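I have placed the structure first, in the form of structure tokens, so that the comments after it can refer back to it.
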């Protein structure tokens, strides 16, 4: 599998990496040790899918998760380092998740929910994978979900659909490069249209110093050229 191929290139003396994925068994690797952290958004989605049939119960679960995600958003706004983020979630989100875990258990053990119903299956999924779904509470750097990677994959999927109309493999390869550059611009809040234009205008400088013409660095490079000692 792809993950095994990637981990085979990793230095063996490093600590096990954090692996974020959904609960599909084929996502796991037997050859290498990883710290598996499962995607909370996948668990949440199962309640969204049955919310029209079980509105009261699903609203409770989604409200609790909304509070946890509000805490996660705060850690991003304050640019917390992994250790700070983990301690914050442990202090602010752990109690929320504990209450939710107890509620989920009660629905089945007290026969409030039919186990084979859509709600019962959503609850069973969360309870079965609870330890790995709550890894972000206890492991610094463990993500809360896999949304960032899934959004990136959507770019590739859309590009794959458009690639059906490339005439040659070389053209498809060029398209791959542009897709990667444009998405990188989006991730670092750079204007992709301006960036690609600047690459063409400064092609000679780009070849000479490519690291200075990354989506996150090109504006500083242009500013230094304008204000530098050789500026006219």
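One table, with the values for the structure above:
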| item | result |
| --- | --- |
| Selection from the range 1-27 of residues that are touching a strand residue (DSSP E or B) at 6+ places or on another chain (Cβ under 8 Å), in contact (Cβ under 8 Å) with a residue 24 or more places away in the chain and under 30 Å from residue 62 (Cα atoms) | 18, 20, 21, 22, 23, 27 |
| Among (1) buried (at least 16 other Cβ atoms within 10 Å of the Cβ); (2) out of contact with any strand residue (DSSP E or B) (no Cβ under 6 Å at 6 or more places or on another chain); (3) assigned to a loop (DSSP other than H, G, I, E, B), the one test that residue 126 misses | (3) |
| Which listed residue, of 195, 125, is within 30 Å of residue 50 (Cβ to Cβ) and in contact with a helix residue (DSSP H, G or I) (Cβ under 9 Å, 6 or more places away or on another chain) | 125 |
| Contacts under 7 angstrom Cβ, first residue in the range 151-171 being more than 17 Å from residue 182 (Cα to Cα), partner assigned to a helix (DSSP H, G or I), 6 or more apart | 166/172; 166/175 |
| From 6, 48, 99, residue being surrounded by fewer than 17 Cβ atoms within 10 Å (Cβ to Cβ) and not assigned by TED's automatic domain parsing to the domain that holds residue 124 | 6 |
| Number of positions in the range 31-69 that are free of Cβ contacts under 8 Å to residues at least 12 places away in the same chain and under 16 Å from the mean Cα position of the chain (by Cα) | 1 |
| Qualifying residue in the range 136-150 (condition: in a helix (DSSP H, G or I), within 16 Å of the chain's Cα centre (by Cα) and at pLDDT 95 or above) | yes |
| Single unsatisfied condition, residue 84 versus (1) touching a residue at least 12 places away in the same chain (Cβ under 8 Å); (2) surrounded by fewer than 18 Cβ atoms within 10 Å (Cβ to Cβ); (3) not in a loop (DSSP other than H, G, I, E, B) | (1) |
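Matching residues to (1) exposed (fewer than 12 other Cβ atoms within 10 Å of the Cβ); (2) assigned by TED's automatic domain parsing to the domain that holds residue 113; (3) under 30 Å from residue 108 (Cβ atoms):
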{"position": "141", "(1), (2), (3)": "no, yes, no"}
{"position": "163", "(1), (2), (3)": "no, no, no"}
{"position": "169", "(1), (2), (3)": "yes, no, no"}
{"position": "205", "(1), (2), (3)": "no, no, no"}
{"position": "211", "(1), (2), (3)": "yes, no, no"}
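The values are calculated or read from the model by the stated rules, or taken from the named source; none is laboratory data. For clarity, every value in this text was computed on a predicted model and none was experimentally measured. Quick reminder, even Gly has a Cβ in these numbers, built from the backbone with ideal geometry, and neighbours come from all protein chains shown.
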